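The values are calculated or read from the model by the stated rules, or taken from the named source; none is laboratory data. Just so it is clear, the structure is predicted and the values come from calculations on it, not from any experiment. Cβ atoms come from the backbone with ideal geometry, glycine included; neighbour counts cover every protein chain shown.
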């Protein structure tokens, strides 16, 4: 896969914008816009405070039972047991992304947003933004090209992290819990933006031309394929293994923070 400096990428995007006005850029969040995983940050914060509420318990127990896991312990202990099973390869990543979202059942929607903002601040997400991708976002803002985040992490924490990068909440597409009367329910709005769901969810929001997409992992491949300029950002091994399936894919040259 060819390595490309950010200014070269911007030149190619500019040509696409000139050819087809009115388009946008789409970014995966975790590992692409910033290092680490804000969904994991949120999960560890809520379980670390033993703040998983009883409303999430029945669904957690169903998931645990379906994978042969023990049901004993507090709500947060059970949640961590499920996460450990995911890390061991016993639970699919798609399912754990859903769980990280409905895990906040019983929380107020605004209460969750405030908690997520605190996690983003306390975990230093602003310092974790990749400089080369920040340059792309800043350039797009100067060119009046909208930037969207398409992430499988929970909506509340992705909104908070995207705000740090300068991307507004209305341009955030992420795993979203069902809610009623301002309270989170133990269910999600399907599909979540994971794998092919990234394209489905983005296209449900807008049909504008997708000039470029940026991702770091194999489950960003469909989103990258949808774009005219597919760009890998500090790619994980699984994406590198599949890169030959998307010949136009280039790797953005990393920039060291000053």
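Table for the structure above
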item: Tabulated pairs, the stretch 87-98, first touching a residue at least 12 places away in the same chain (Cβ under 8 Å), second assigned to a helix (DSSP H, G or I) and surrounded by fewer than 16 Cβ atoms within 10 Å (Cβ to Cβ), C-beta under 6 angstrom, 6+ apart or interchain; result: none
item: Top-ranked residue of the stretch 170-182 - restricted to ones that are more than 16 Å from residue 101 (Cβ to Cβ) and surrounded by fewer than 17 Cβ atoms within 10 Å (Cβ to Cβ), ranked as farthest from the chain's Cα centre (by Cα); result: 181
item: Any chance residue 185 is surrounded by fewer than 19 Cβ atoms within 10 Å (Cβ to Cβ), under 30 Å from residue 60 (Cβ atoms) and at pLDDT 95 or above; result: yes
item: Answer from 104, 43 - the residue that is touching a residue at least 60 places away in the same chain (Cβ under 8 Å) and in contact with a strand residue (DSSP E or B) (Cβ under 7 Å, 6 or more places away or on another chain); result: 104
item: Residue check, residue 7 over 21 Å from residue 179 (Cα atoms) and more than 23 Å from the chain's Cα centre (by Cα); result: yes
item: Residue within the stretch 121-139 that is in contact with a strand residue (DSSP E or B) (Cβ under 9 Å, 6 or more places away or on another chain) and farther than 20 Å from residue 36 by Cβ present; result: no
item: Residue match in the stretch 191-200 (condition: part of a helix (DSSP H, G or I), touching a strand residue (DSSP E or B) at 6+ places or on another chain (Cβ under 7 Å) and surrounded by 20 or more Cβ atoms within 10 Å (Cβ to Cβ)); result: yes
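For every residue, the table says whether it meets (1) within 24 Å of residue 224 (Cβ to Cβ); (2) in contact (Cβ under 8 Å) with a residue 60 or more places away in the chain.
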position: 170; (1), (2): yes, no
position: 180; (1), (2): no, no
position: 183; (1), (2): no, yes
position: 186; (1), (2): no, yes
position: 194; (1), (2): yes, yes
position: 199; (1), (2): yes, no
position: 203; (1), (2): yes, no
